[in-house]
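Read through the structure below, which is laid out as structure tokens, and then see the notes.
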Amino acid sequence: MLTNPGSAVLRRDFTASLVVFLVALPLCVGVAVASGAPAELGLITGIVGGLVVGALPGSSLQVSGPAAGLTVLVYEAVQTHGLGTLGAIVLASGAIQLVLGFLGFGRWFRAISVAVVQGMLAGIGLVLILGQSYAMGDLKAPSSGLDKIAGLPGLVSDLASDSQALKAFALGAGTVAVLILWKKLPARVSGLVPAPLAAVALATGATAAFSLPVAKVEVKGLFESIQPPGLSDFGGLVDGTLIGTVLAFALIASAESLFSAAAVDRLHDGPRTDYNKELMAQGAGNAVCGLLGALPMTAVIVRSAANVQAGARTKASRWMHGLWLLLFAALFPAALGVIPVAALAGVLVHAGGKLVPVRDLGPLWREHRGEAVVLGVTAVAIVATNMFEGVVAGLLLAVAKTAWETSRVQLDVKDEGEGPIHVRLTGSATFLRLPHILDTLEALPKDRPIELHLSGLRHLDHACRTALTNWADRHNEEGTEPVQVRGEVVAVAG
């Protein structure tokens, strides 16, 4: 008996939406708290990311929510200007994204190295593992990635001395174990219930059965938290004091979302992202978040990867996850209140681990060592700074690597003992190869005529042009015949 393909797709999207909901819940709450805002505002942004952005064209499987990469900027904006002004900033940022998408700037974000994408995924995975390891023990994680690493010995000490923290950590570790072992169960069991749903349900049941003293998810008054910005909150936009902050929000949120889109497209074989439409969708989402006084949003690679890995096929999983956030946060907050934070942290630790390409690192290092370096630098930079700065560092290194590899020049010197010495340059002569070029030319005899053949060069940059001219002038000052240049790329003969 043949199954209905449409119902099979809907079933996969339904289960994927539940998985994304479980991943999104702690992210929404955690980003809000780290940003100095009420947890409910993070949930509102997650709901908008699902119901609004999830229904718009752009990317079919990418999931949006509170912007972790903007945490520091949001915190500073809240502390300096207040929550009301934050809404105005987010609204203006969304408007800028809409304009950028309309003008076609989104497609420029397609120019990103595969190694940078892999490094971005690995870096975010490491940040998740480090940060959520503290949350598994109901402990507060340090703010920066380096501080999280430095604090690991203290984490071990706290777990050893605090029985309550140790119980919470054991619950989180048990959640990770269930997630790893779930796929080893018979298909009729593992295929029926998504692993994250089963793991969280088991952890919640164990918490209730053994009365474990662990922290639970806390959500209060979702609709009461909505505070649209007033006219006075737009004053900073009028007098220009907030323009820099708005531009930073818009550019960083756009970059994170579209870099994430490039990464998500490499995780599945479905429809590719329309970058301009995705940028406009993100702008529309941020405009709505601004009107509601919520946090700014970006596409979130952790949710998106979970969505793909859970088997989603269409955008239905995106808006359904937003629907679950709305239903539980608004109508059934008590249902969320029984879920232990340590279990959700375990889900995130497992999700982070799946983003780190451990198995691919060895072959990549053996076959493409430069790409492996770019991947590693990007990942480390994200851990040490943040996603945006880490990706920029990776991109700069990738550009430098490409420039070095494409700037290949070969010098062939033919000296028959008498008559002119023939020097032939082929390839691309750029400033990166100047030491090699000048070392070869300056080692030539200064009392012999030289013919320099440049017709084999594909490219000669200004630095090399100037260096060749200076070398020829110095050689000509020795009183020998002037350097003769063959080829039309440049004239260096004095």
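Any idea which residue in region 257-273 is nearest to LEU73 (Cα to Cα), counting only those that are open to solvent by 10 Å² or more (accessible area, probe 1.4 Å) and part of a helix (DSSP H, G or I)? Quick ask: steps written out before the conclusion?
Step one: of region 257-273, the residues open to solvent by 10 Å² or more (accessible area, probe 1.4 Å) are 259, 265-273.
The next check asks that each one be part of a helix (DSSP H, G or I); those that pass are 259, 265.
Working: PHE259: 19, ASP265: 28 Å.
My answer is PHE259.
So how many residues does region 154-168 have that are farther than 20 Å from GLY352 by Cβ, open to solvent by 30 Å² or more (accessible area, probe 1.4 Å) and assigned to a helix (DSSP H, G or I)?
Adding up the residues that qualify gives 9.
Of all residues in region 222-250, which are open to solvent by less than 40 Å² (accessible area, probe 1.4 Å) and assigned to a loop (DSSP other than H, G, I, E, B)?
Within region 222-250, LEU222, PRO229, GLY230, GLY240, LEU242 qualify.
For region 386-401, name all the residues that are touching a residue at least 12 places away in the same chain (Cβ under 8 Å) and not small (Gly, Ala, Ser). Spell out how you get there, then give the answer.
First, pick out the residues of region 386-401 that are touching a residue at least 12 places away in the same chain (Cβ under 8 Å): 386-388, 390-391, 393-395, 397-398, 401.
Of everything in region 386-401, those that are touching a residue at least 12 places away in the same chain (Cβ under 8 Å) and not small (Gly, Ala, Ser) turn out to be ASN386, MET387, PHE388, VAL391, LEU395, LEU397, LYS401.
Could you tell me whether region 121-137 includes any residue that is on the phi > 0 side of the Ramachandran plot and crowded, with 21+ Cβ neighbours inside 10 Å? Give the derivation first.
Restricting attention to region 121-137, the residues satisfying the condition of being on the phi > 0 side of the Ramachandran plot are none.
No, because not a single residue in region 121-137 is on the phi > 0 side of the Ramachandran plot and crowded, with 21+ Cβ neighbours inside 10 Å.
Only one residue in LEU159, LEU181 is within 30 Å of the chain's Cα centre (by Cα), over 19 Å from VAL20 (Cβ atoms) and modelled with pLDDT of 80 or more. Which one? Give the derivation first.
Values: LEU159 fails: within 30 Å of the chain's Cα centre (by Cα).
When all the criteria are applied, what remains is LEU181.
Restricting attention to region 310-317, does a residue exist that is of a type in the set (Gly, Ala, Ser), modelled with pLDDT of 85 or more, surrounded by 24 or more Cβ atoms within 10 Å (Cβ to Cβ) and touching a strand residue (DSSP E or B) at 6+ places or on another chain (Cβ under 7 Å)?
no
Any idea which residue in region 432-467 is nearest to ARG486 (Cα to Cα), counting only those that are of a type in the set (A, V, I, L, M) and touching a Cys at 6+ places or on another chain (Cβ under 8 Å)?
Taking region 432-467 and keeping what is of a type in the set (A, V, I, L, M), we get 432, 434, 437-438, 441, 443-444, 450, 452, 454, 457, 460, 463, 467.
So of that shortlist, the ones also touching a Cys at 6+ places or on another chain (Cβ under 8 Å) come out as 434, 437.
Working: LEU434: 20, ILE437: 17 Å.
Checked region 432-467; the qualifying residue nearest to ARG486 (Cα to Cα) is ILE437.
Residue check: is THR71 among the polar types (S, T, N, Q), in a helix (DSSP H, G or I) and over 22 Å from the mean Cα position of the chain (by Cα)?
no
Please state which one of GLY427, GLY352, GLY370 is open to solvent by less than 60 Å² (accessible area, probe 1.4 Å) and in contact with a strand residue (DSSP E or B) (Cβ under 8 Å, 6 or more places away or on another chain). Working first, answer last.
Values: GLY352 fails: in contact with a strand residue (DSSP E or B) (Cβ under 8 Å, 6 or more places away or on another chain); GLY370 fails: in contact with a strand residue (DSSP E or B) (Cβ under 8 Å, 6 or more places away or on another chain).
One residue alone meets the criteria, GLY427.
Hey, among GLY427, GLY419, GLY456, which residue is touching a Lys or Arg at 6+ places or on another chain (Cβ under 9 Å) and within 23 Å of ALA400 (Cα to Cα)?
On the way: GLY419 fails: within 23 Å of ALA400 (Cα to Cα); GLY456 fails: within 23 Å of ALA400 (Cα to Cα).
From the options GLY427, GLY419, GLY456, the qualifying one is GLY427.
If a residue has to be among the small types (Gly, Ala, Ser) and closer than 30 Å to LEU242 by Cβ to count, how many in region 96-122 make the cut? Working first, answer last.
Of the residues in region 96-122, the ones among the small types (Gly, Ala, Ser) are 101, 104, 106, 111, 113, 115, 119, 122.
Checking which are closer than 30 Å to LEU242 by Cβ leaves us with 101, 104, 106.
Residues meeting the conditions: 3.
Of (1) open to solvent by 30 Å² or more (accessible area, probe 1.4 Å); (2) in contact (Cβ under 8 Å) with a residue 60 or more places away in the chain, VAL383 satisfies all except one. Which?
VAL383 satisfies every listed condition except (1).
Give me the pairs, please: first residue somewhere in region 252-274 and free of Cβ contacts under 8 Å to residues at least 40 places away in the same chain, second residue anywhere and assigned to a helix (DSSP H, G or I) and surrounded by 24 or more Cβ atoms within 10 Å (Cβ to Cβ), beta-carbon distance under 8 Å, and either six or more positions apart or on two chains.
Listed pairs, sorted by first residue: none to list.
Please determine whether any residue of region 352-369 is at pLDDT below 85, of a type in the set (Asp, Glu) and more than 12 Å from GLY119 (Cβ to Cβ).
no
Consider only pairs whose beta carbons are under 7 Å apart and that are at least six residues apart or on different chains; among these, list those whose first residue lies in region 114-136 and is part of a helix (DSSP H, G or I) and whose second residue is of a type in the set (D, E, K, R).
Final answer for the pair search is ALA115/GLU371; VAL117/ARG266; LEU130/LYS148; GLY131/LYS148; TYR134/LYS140.
Quick check on ALA472: is it in a helix (DSSP H, G or I), surrounded by 15 or more Cβ atoms within 10 Å (Cβ to Cβ) and under 42 Å from the mean Cα position of the chain (by Cα)? Let's see the steps before the verdict.
Values: in a helix (DSSP H, G or I): yes; surrounded by 15 or more Cβ atoms within 10 Å (Cβ to Cβ): yes; under 42 Å from the mean Cα position of the chain (by Cα): no.
Answer is no for this residue.
Kindly evaluate GLU218 against the criterion of being open to solvent by 80 Å² or more (accessible area, probe 1.4 Å), within 29 Å of the chain's Cα centre (by Cα), within 28 Å of LEU331 (Cβ to Cβ) and not aromatic (Phe, Trp, Tyr). I'd like the intermediate steps shown before the answer.
Numbers: open to solvent by 80 Å² or more (accessible area, probe 1.4 Å): yes; within 29 Å of the chain's Cα centre (by Cα): yes; within 28 Å of LEU331 (Cβ to Cβ): yes; not aromatic (Phe, Trp, Tyr): yes.
The answer is yes for GLU218.
Go through (1) touching a strand residue (DSSP E or B) at 6+ places or on another chain (Cβ under 6 Å); (2) open to solvent by 10 Å² or more (accessible area, probe 1.4 Å) one by one and return the number of the condition ALA39 breaks.
(1)
Would you mind finding the one in LEU179, LEU197, LEU171 that is closer than 21 Å to PHE14 by Cβ, open to solvent by less than 60 Å² (accessible area, probe 1.4 Å), part of a helix (DSSP H, G or I) and of a type in the set (A, V, I, L, M)? Steps first, answer last, please.
Working: LEU197 fails: open to solvent by less than 60 Å² (accessible area, probe 1.4 Å); LEU171 fails: closer than 21 Å to PHE14 by Cβ.
Step by step, each of LEU179, LEU197, LEU171 is checked, and only LEU179 is closer than 21 Å to PHE14 by Cβ, open to solvent by less than 60 Å² (accessible area, probe 1.4 Å), part of a helix (DSSP H, G or I) and of a type in the set (A, V, I, L, M).
Given GLN118, GLN79, which one is among the polar types (S, T, N, Q) and surrounded by 24 or more Cβ atoms within 10 Å (Cβ to Cβ)? Spell out the reasoning first.
On the way: GLN79 fails: surrounded by 24 or more Cβ atoms within 10 Å (Cβ to Cβ).
Checking each option against the conditions leaves just GLN118.
Could you tell me whether any residue of region 45-63 is buried (at least 24 other Cβ atoms within 10 Å of the Cβ), hydroxyl-bearing (Ser, Thr, Tyr), part of a loop (DSSP other than H, G, I, E, B) and in contact (Cβ under 8 Å) with a residue 40 or more places away in the chain?
The answer is yes; a qualifying residue exists.
The values are calculated or read from the model by the stated rules, or taken from the named source; none is laboratory data. Everything numeric in this text was worked out from a predicted model, so none of it was measured. We place every Cβ from the backbone using ideal geometry, glycine too, and count neighbours over all the protein chains shown. For the accessible areas, the whole protein counts, side chains as well, though only heavy atoms, and no ligand, DNA or RNA atoms are used. Shrake-Rupley method; radii C 1.70, N 1.55, O 1.52, S 1.80 Å.
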